[in-house]
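K.L.:
Just passing along the structure, written as structure tokens.
The values are calculated or read from the model by the stated rules, or taken from the named source; none is laboratory data. All values derive from a computational prediction rather than experimental measurement. Ideal geometry is used to build each Cβ from the backbone, glycine not excepted, and the neighbour counts take in all protein chains shown. Note: areas computed on protein heavy atoms with side chains; ligands, DNA, RNA excluded. Shrake-Rupley method; radii C 1.70, N 1.55, O 1.52, S 1.80 Å.
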Amino acid sequence: MTSFAAYRFALALLAGGIWLAAAAGVNAQSVAVASGTKGKVHLLPATLETTQWGWFNNAQAPVLRIDSGDTVVLETMMHSHNQVVPGKTIEEIKKLRTDFPGRGPHTLTGPIYVNGAEPGDVLKVTLNKIVPRAYATNFNVPGMFGQFPQEYQDGQVKYMYLDLDKNVTEFLPGVYIPLKPFPGTIGVARKEPGQYSSVPPGEFAGNMDIRDLVAGTTLYVPVHVPGALLWTGDSHAGQGNGEVNLTAIETAYKEFNITVEVVKGKPLDFPRIETAKSWITMGFDQDLNKAWDQAKAQTVKFLAEQRNVSADQAATLMPTVSDCRVSQVVNVKKGIHCLNPKNVQDKEDMDRPTAETAEYYVTHVKDADLNKAMNEASKAMIKLLETDKKVARLDAYGLASVAMDCRVGAVSDAEKNVHCLLPKSLWQAPK
């Protein structure tokens with residue numbers, strides 16, 4: 001069989017759900033690609049041997065070894081080693097958390113050891129293709145986690161069909177959410193030894209929940225240990241900016257297709273994401289004000305490098321060109337990410353309405369504390385859904401989590417603005 005025929009045969013097996021080898025068989029998982037194509041393709045199934053439930057550890061033995069430039073076609077699981085699937089009740093889901101304290105809910109495929117990756121290098125991970133399962137879930141755990149655990153002592157779980165042909169899911173009767181699959185968690189090993197929960201993100205990337213990291217984009221993340229040790233999981237079919245009830249449109253991937261490269265001589269101190277039109281900078285902290293400070297510092301640093309200007313000049317420029325949004329507020333460390341135009345003649349979407357528009361329902365709050373502004377703007381949107389759209393209380397919480405877009409507006413020491421938007425187009429049947 002020619003190398004090209006072998007490649008097509010391997011992918012045909014993959015599409016049919018048949019994997020070539022057990023997880024540990026690195027050579028058996030590698031498939032020679034077509035003549036002239038760089039690197040190899042590796043097939044990595046999600047099994048109990050190739051996944052971890054809820055933790056990272058830089059001493060974990062790799063489940064796959066690859067070279068820089070290789071492509072990995074892998075699977076992911078649903079939460080808690082595939083236990084959160086249709087039919088599981090919210091009480092059972094809560095028990096999966098309370099019975100296993102200290103670990104996150106995510107099932108992580110990996111780690112993948114990248115030959116030649118050393119501390120100080122950057123790992124470049126290009127997302128080529130994402131194919132979710134046909135179903136997903138959204139839930140809030142009663143009295144635990146989420147943005148408002150005290151207000152929601154009751155919980156619910158909702159299971160959804162993902163219509164991959166129309167690229168939507170019907171979240172509620174007559175309410176359709178566009179599907180935009182992205183990995184909620186993707187990152188490398190921390191530099192610190194020991195076992196750590198998968199929940200908080202950091203300089204190693206991890207549970208960033210940045211919904212712009214879709215197929216066709218690239219993650220750049222600093223390497224902290226030899227081999228980098230790449231994991232992914234917490235697979236999403238879509239998410240709101242904020243993810244307020246704890247969960248997005250949570251699914252698993254039948255195919256997560258990535259190309260991994262080692263970048264030498266261009267160090268980073270924090271992850272960045274490249275899209276077709278933008279560079280994304282970010283910040284994480286338990287305090288949203290400090291997450292903003294970090295995102296601002298990373299953005300100023302990027303703009304100064306990109307435009308060859310001083311830090312002061314970049315700080316003045318940032319409010320006029322950069323679009324900052326609340327990634328999530330539910331991962332212990334809250335996140336803010338900022339989109340910055342690749343073309344220095346452009347600027348990002350700076351639309352920050354303060355009242356309802358023809359396209360969006362809008363809530364807006366300003367406060368000296370960014371945490372409070374985000375909390376109150378989110379609550380106002382949930383209440384708007386309940387009162388104006390007659391959405392049931394827990395459904396409104398969930399809909400805000402999967403579809404609301406919370407944007408950071410003008411920020412000063414005295415006043416910080418949060419604008420939460422929800423598209424009116426969700427109430428339209430797909431064509």
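K.L.:
Which count do you get for residues in segment 84-94 that are at negative phi and loosely packed, with under 15 Cβ neighbours inside 10 Å?
P.N.:
4
K.L.:
While we're on this one: Mind listing whichever residues of segment 160-184 are more than 22 Å from D405 (Cα to Cα) and aromatic (F, W, Y)?
P.N.:
Selection gives Y161 alone.
K.L.:
How many residues are at positive phi and free of Cβ contacts under 8 Å to residues at least 40 places away in the same chain if we restrict to segment 168-184?
P.N.:
Residues of segment 168-184 at positive phi: 174.
Restricting the remaining residues to those that are free of Cβ contacts under 8 Å to residues at least 40 places away in the same chain gives none.
Within segment 168-184, residues that are at positive phi and free of Cβ contacts under 8 Å to residues at least 40 places away in the same chain number 0.
K.L.:
Name the single residue, out of those in segment 323-347 being crowded, with 17+ Cβ neighbours inside 10 Å and in contact with a Pro (Cβ under 8 Å, 6 or more places away or on another chain), that is farthest from A414 (Cα to Cα).
P.N.:
Step by step, filter segment 323-347, then rank; the result is N331.
K.L.:
Okay, next question. Residue by residue through segment 214-237, note down the ones that are hydrophobic (A, V, I, L, M, F, W, C) and crowded, with 24+ Cβ neighbours inside 10 Å.
P.N.:
Hits for segment 214-237 are L219, V221, V223, A228, L229, L230, W231, A237.
K.L.:
Checking the condition in contact (Cβ under 8 Å) with a residue 40 or more places away in the chain, under 13 Å from the mean Cα position of the chain (by Cα) and either closer than 28 Å to C406 by Cα or surrounded by fewer than 24 Cβ atoms within 10 Å (Cβ to Cβ) (or both), which residue from G187, G194 passes? Walk me through it before giving the result.
P.N.:
Numbers: G194 fails: under 13 Å from the mean Cα position of the chain (by Cα).
Matching residue, one of G187, G194: G187.
K.L.:
While we're here: Do you know which residues across segment 105-151 are of a type in the set (S, T, N, Q), open to solvent by 20 Å² or more (accessible area, probe 1.4 Å), assigned to a strand (DSSP E or B) and over 15 Å from V263 (Cα atoms)?
P.N.:
Answer for segment 105-151, where residues must be of a type in the set (S, T, N, Q), open to solvent by 20 Å² or more (accessible area, probe 1.4 Å), assigned to a strand (DSSP E or B) and over 15 Å from V263 (Cα atoms): just N128.
K.L.:
In the list Q298, Q294, Q313, which residue meets the criterion of being assigned to a helix (DSSP H, G or I) and over 24 Å from the mean Cα position of the chain (by Cα)? Write out each step before concluding.
P.N.:
On the way: Q298 fails: over 24 Å from the mean Cα position of the chain (by Cα); Q294 fails: over 24 Å from the mean Cα position of the chain (by Cα).
From the options Q298, Q294, Q313, the qualifying one is Q313.
K.L.:
Taking the condition of being within 27 Å of Q286 (Cβ to Cβ), in a loop (DSSP other than H, G, I, E, B) and among the polar types (S, T, N, Q), how many residues in segment 152-185 meet it?
P.N.:
Here the count works out to 1.
K.L.:
Collect the residues in segment 52-83 that are in a loop (DSSP other than H, G, I, E, B) and either in contact with a Phe, Trp or Tyr (Cβ under 8 Å, 6 or more places away or on another chain) or open to solvent by 30 Å² or more (accessible area, probe 1.4 Å) (or both), keeping them in residue-number order.
P.N.:
Pass one, segment 52-83, residues in a loop (DSSP other than H, G, I, E, B): 54, 58-63, 68-70, 75-78, 83.
G54, N58, A59, Q60, A61, P62, S68, E75, T76, Q83, listed by residue number.
K.L.:
Right, E203: over 30 Å from P423 (Cβ atoms) and either in contact with a Phe, Trp or Tyr (Cβ under 6 Å, 6 or more places away or on another chain) or surrounded by 23 or more Cβ atoms within 10 Å (Cβ to Cβ) (or both) or not?
P.N.:
yes
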